[in-house]
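Single-structure report; data block below.
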Amino acid sequence: MAKDLDKQYDPKNVEDRIYKFWLDGNFFHAKCDPEKDPYTIVIPPPNITGQLHMGHALDNTLQDILIRWRRMQGFDTLWLPGTDHASIATEAKIVEAMRKEGITKEDLGREGFLKRAWEWKEKFGGRIIEQLKKMGSSCDWERERFTLDEGCSKAVKEVFVNLYNKGLIYRGERIVNWCPHCLTSISDAEVEYEDQAGHFWHLRYPFKDGSGYLELATTRPETMLGDTAVAVHPDDERYKDIVGKTLILPITHREIPVIADTYVEMDFGTGCVKITPAHDPNDFEVGLRHNLPVIDTFTDDAHIRPEWGKYAGMDRYEARKAIVEDLEKEGAIVKIEDYSHNVGVCYRCHSSIEPKVSKQWFVKMEPLAKPAIECVKDGRVKFVPERFDKTYFHWMENIKDWCISRQLWWGHRIPAWYCDECGEIVVSKDTPDTCPKCGCKHLTQDPDTLDTWFSSALWPFSTLGWPEKTPELQHYFPTSTLVTGYDIIFFWVARMIFSACENMNDIPFSTVFIHGIVRDAQGRKMSKSLGNGIDPLIVIDQYGADALRFTLATGNSPGNDMRFSDEKVGASRNFANKLWNAARFILMNLGEDEKAPHIPEDLALEDKWILSLFNKLSKEVTDNLEKFELGIAVSKLYDFIWDVFCDWYIEISKIRLNSDDEKAKQTARDMLVYIMSNTLKLLHPFMPFITEEIWQTLPHDGESIMISKWPEYDEKHDFSVEEQEMDRIMEAVRAIRNRRAEMNVPPSRKAKYYIATSYKDTFEKAGIFMQRLASCSEAEVGDSFELEDAVCIVTTDAKIYIPMGDLVDFEAEIARLNKEKEKVLKDLEFVEKKLNNANFVAKAPAAVVEGQKEAAQKYRDKIAMIDESLAKLNK
RNA sequence: GAGGGCGUAGCUCAGUUGGUAGAGUACUUGCUUGACGUGCAAGGUGUCACGGGUUCGAGUCCCUUCGUCCUCACCA
């Protein structure tokens, strides 16, 4: 930053250079210093397939604010970065690319495919990391991890084997959510539900004995091929006598029984349900209870299996049409209604989920959920805002077993082997060479991989070296804060908590700081299909990373969604520019060899005032950050910098800077540097680039603002007397400006002010301020003045007379005074009502009552002054 | 069906332990004041969704209603 700065701040000249400076200085690196208290955040690892979007931008801004602040406070901070291998998403992407080349997975084989996947990862996996750097993220890049790297893989195997040995991981044939597009099972959490318009087909199945029909309804007639029973409620009087009878399934003409099961709701429809164990989770359960056969009619990609004659090879929707037609022909359709129902879809590709019976691996959740619930209940893990613990409890308390096997190649391969001879299952961290049961050497590893979330669940400790007892694990675990969106509490947060409880016998982090999602200016979710996504990189290019970060931090309260708009970033950019120009002003007034920031001797009134306000500010901002009120903290900084420092202090400082008093000039310069430099520190976590750039240019101590000491509250800097004095003066200045504006007197028209007050000392000092700030030519202070044809401006502590007789419209002035009096009378009435209330005086705290009494007196004084002015004008 | 969020100035939102409502933006007016027009000064708009309760005092705590959004569960 040269001393002759541009009028406008240009982030493009600054950001990349500053980021490189930080990297070169190694300031992001966590030293693992046991002497210091640790503060640790592990990044929610973005998918290697991902591109930076607003969600990342928000999440990383919040993390960087916390990390930079704690670093300046002197903690040994570690922000551990990394990426997620994102099994389904990545595999789908690579398969799609291969499809365009005309190759399939099978063509390449497992090894060839994985080689290709790793190549893809090397090429594109780092892209999002580079984008995070553009945001200014101060991650310890030397410790970057990947969920599929060697260490994480080791942790995954360790956990899998441990859980298996404890009986908490098992393999079983269950009905799972199957995505016919991704060709893999997915967990319950990965199924989304959407309302879809459909139909309700009312069918009738004939009794074998010819005694009529049973009527039932279905939304999926194509599954009827696999029906193995019809169920009624055991208490249903209507069907009491038919339980146990046999029906003839239309089309197939297979015989199926009528069974009784409490799963059926008597009041819904006809009270009869067709049972298709292979294609519905509830039916599957019913089937287990009644020993019903499971007839799977679909292939993995949801086409009718070859053995089904004319339907073979049809996809599920074609099959539906064909089967409905045939049912119709058989007279099995009673009626068709329109019906809207919830359909489960894959959260990755949005294909309709096909429930499917298959052999999968599961984590037994109930025993794991218990301690995970406990540690939130007893406060060891806190959600911010608190209300999200309800969401968490609800989910944890109703949790079902977690299906963790995926029919994919890109991921952690399940460390289980099956003996080709005797079928023994061997679960082991290392590849076994002989079967422990039969001793043969023919073992085949399970072809499946694990759910991506299985490895990210271990992220807070796997990245610190677990299962090894590394110094990092010792020092940084449990981590401090986890920052993430409410949309991934189930996927990730909950699973990290129970994983840490189980494997570390400890919590993974003490606070979960939850944020909402970033919506577009109209409040819609940003999405690819709507095309309303705003690219953070484009915003950075147009407005700068600091402006983007400031926008995301401002007006955002924990757990709530926010809207993003160009106007907001524009306002943030303007703020950066304001700061820039304040710095520019200070710099152009500095001498050649200014000392590092310090508080000079002989402080003037305004110096003590700004020092006092800054002191309070540093306390408040720190308090807000402690409570994760980042939005409040940043708006206080905004107000202080713009409304206090720039609009008042800098303006007032010009008095001394333009004077001939060298000593006073130096004091003003020192104070400007001191306040600016320290305010930059408070702002640094929010706007790291511009604060560093300015801080470096001003006189400074130390290498970088990001490792400078966070300002702390110091009671020696409390100057409440000077604050009051300045308040009196500022009120007077504002009142004068207001009146002059009302009377349309241009600022260039200076006038002499006569100030009648009992605070003569204060207003003696104020005279010179008024010259600068309120178009005053000369000020005279006294107890009272008797002036003809003067405008009188009444403030709480002063009456200011301005002899502008012929400029003033007397009638208007009288009207204005009357209006003002009315308002003050109303205020007085309000306060007096309280004071006349015996209850208030008796029960409210003494300080509050005293405050109200003082206010009442001030109002009375003001009314007296207005009356006096009126009397003069009316004369 | 269960749980939760939100409803404050035209718009977008703050409002940190209850003490006479704030910002940004938009709008009006004045300012070519040597940091900044991405600026300065001045200005107006609110029965804080509705009704009730607790309290000396409620935007803030509790309850009802209405509107709106979300999450989870789900009836075939």
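The values are calculated or read from the model by the stated rules, or taken from the named source; none is laboratory data. Keep in mind it's a predicted model, so treat the numbers as computed, not measured. Cβ sites come from the backbone with ideal geometry, for glycine too, and all protein chains shown count toward neighbours. These area figures cover heavy atoms from the full protein model, side chains too; ligands, DNA and RNA do not enter into them. Shrake-Rupley method; radii C 1.70, N 1.55, O 1.52, S 1.80 Å.
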Long-range HN-HN contacts of A:Gly136 with modeled amide H, under 5 Å: none
Surrounding charge for A:Leu443, neighbours by C-beta under 13 angstrom, Lys/Arg +1, Asp/Glu -1, total -4
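Could you check what % of the DSSP bridge pairs in the stretch A:719-875 are antiparallel, to the nearest 5? Each step should come with its number before you reach the end.
Details: 8 of 14 bridges.
Bridges in the stretch A:719-875 that DSSP calls antiparallel: roughly 55 percent.
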Skipping prolines and chain starts, which residues have an amide H placed within reach, meaning under 5 Å, of the one on A:Val345, given they are 5 or more residues away or on another chain? A:Glu192, A:Tyr193, A:Glu194, A:Ile353
In Hz, Karplus ³J(HN,Hα) per residue of the stretch A:428-439 (6.51, -1.76, 1.60; θ = phi - 60°; x = Gly, Pro): 7, 5, 9, 5, x, 9, 10, 6, x, 8, 10, x
Among A:Lys93/A:Lys359; A:Lys123/A:Lys469; A:Lys821/A:Lys853, the pairs whose Cα-Cα distance exceeds 22 Å are A:Lys93/A:Lys359; A:Lys123/A:Lys469
Where trypsin sites (Lys or Arg not before Pro) fall in DSSP loop in the stretch A:441-496, at most 12 other Cβ within 10 Å: A:Lys441, A:Lys469
Assign unit charges at the C-beta atoms only (+1 for Lys and Arg, -1 for Asp and Glu), then state the dipole size of chain A relative to its Cα centre in Debye, rounded to the nearest 20. 400
Here, GluC sites (Glu not before Pro) of the stretch A:742-831 satisfying both criteria (DSSP loop; at most 13 other Cβ within 10 Å) are A:Glu786, A:Glu788
Any residue on another chain or 5+ positions along whose placed amide H is under 5 Å from the amide H of A:Ala229 is listed here as A:Ile275
Starting from the residue with the highest accessible area, list A:Ile652, A:Ile599, A:Ile814 in decreasing order, probe 1.4 Å. A:Ile599, A:Ile814, A:Ile652
Tabulate in residue order the Karplus-calculated ³J(HN,Hα) for the stretch A:663-678, using 6.51 cos²θ - 1.76 cosθ + 1.60 with θ = phi - 60°, rounded to whole Hz; enter x for Gly and Pro. 5, 5, 4, 5, 4, 4, 4, 4, 5, 4, 5, 5, 5, 4, 4, 6
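At most 12 other Cβ atoms within 10 Å and a DSSP loop assignment: could you name the GluC sites (Glu not before Pro) in the stretch A:1-95 that fit?
A:Glu35
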Taking only protein heavy atoms and a 1.4 Å probe, what accessible area per residue, in Å², does the stretch A:349-430 have with all protein chains in place? 46
Convert each backbone phi in the stretch A:721-736 into a coupling constant with the Karplus relation 6.51 cos²θ - 1.76 cosθ + 1.60 (shift: θ = phi - 60°), then list the ³J(HN,Hα) values in order as whole Hz, x for Gly and Pro. 4, 5, 4, 5, 4, 5, 4, 4, 5, 5, 4, 5, 4, 5, 5, 5
What fraction of the DSSP beta bridges in chain A is antiparallel, stated in percent and rounded to the nearest 5? 70
Expressed as a whole number of Å, what is the distance separating the alpha-carbon centroids of the stretch A:736-804 and the stretch A:393-436? 84
Ignoring everything but the protein chains, give the 1.4 Å probe accessible area of A:His233 in square angstrom, nearest 10. 20
Cβ-derived FRET efficiency at R0 35 Å, A:Gln73 paired with A:Arg127, nearest 0.05: 0.60
Quick one: check the C-alpha center-to-center distance for the stretch A:506-545 versus the stretch A:1-70, whole angstrom. 17
